[in-house]
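Everything below concerns the one structure shown next.
Derivation of every value follows stated rules applied to the coordinates shown; laboratory data play no part. Predicted model, so just to flag it, every value in this text is computed and none were measured.
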Amino acid sequence: MVTTGTIWSVTVTRYRCEACGNLTRFDVTVLRRTKAFHHFNLAGDLDIEDAEVLSEVVEEVQCRWCGTGGRVVDLDPGEGASEVVTPSS
Ligand SMILES: [Zn+2]
């Protein structure tokens, strides 16, 4: 039996489907390379600890509502907050 002792750190990216306005439901295909400490006890049960994401590539994000990935865009959680404000004349 495999138990995970660590919550995997997942890059939180929010998405928006420009085709239908969906903000909440997406099928996300991620290629993730991880390193973890596999800790077996004497009975052979595995406890996975210190899981670390070495690299993460989002391969595909598909809108769950309209089934297309062509119109899905990243939604910056700090949208507007990190923009450089240029004083206008
Ligand atoms: Zn959609």
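Can you run phi through the Karplus equation (6.51, -1.76, 1.60; θ = phi - 60°) for the range 58-69 and list ³J(HN,Hα) in whole Hz, with x for Gly and Pro?
7, 7, 7, 10, 10, 5, 6, 7, 9, x, 10, x
Please compute one quarter of the surface area of the Cα convex hull for the range 2-75 and express it in square nanometres. Present the calculation step by step, with values, prior to reporting the outcome.
Numbers: hull surface 23.0 nm².
The orientation-averaged projected area of the Cα hull of the range 2-75 comes to 5.8 nm².
Amide H to amide H under 5 Å from F26: which residues, 5+ apart in sequence or cross-chain, H placed 1.01 Å off N in plane?
Residues meeting the criterion, in which the H sits 1.01 Å from N, are R64.
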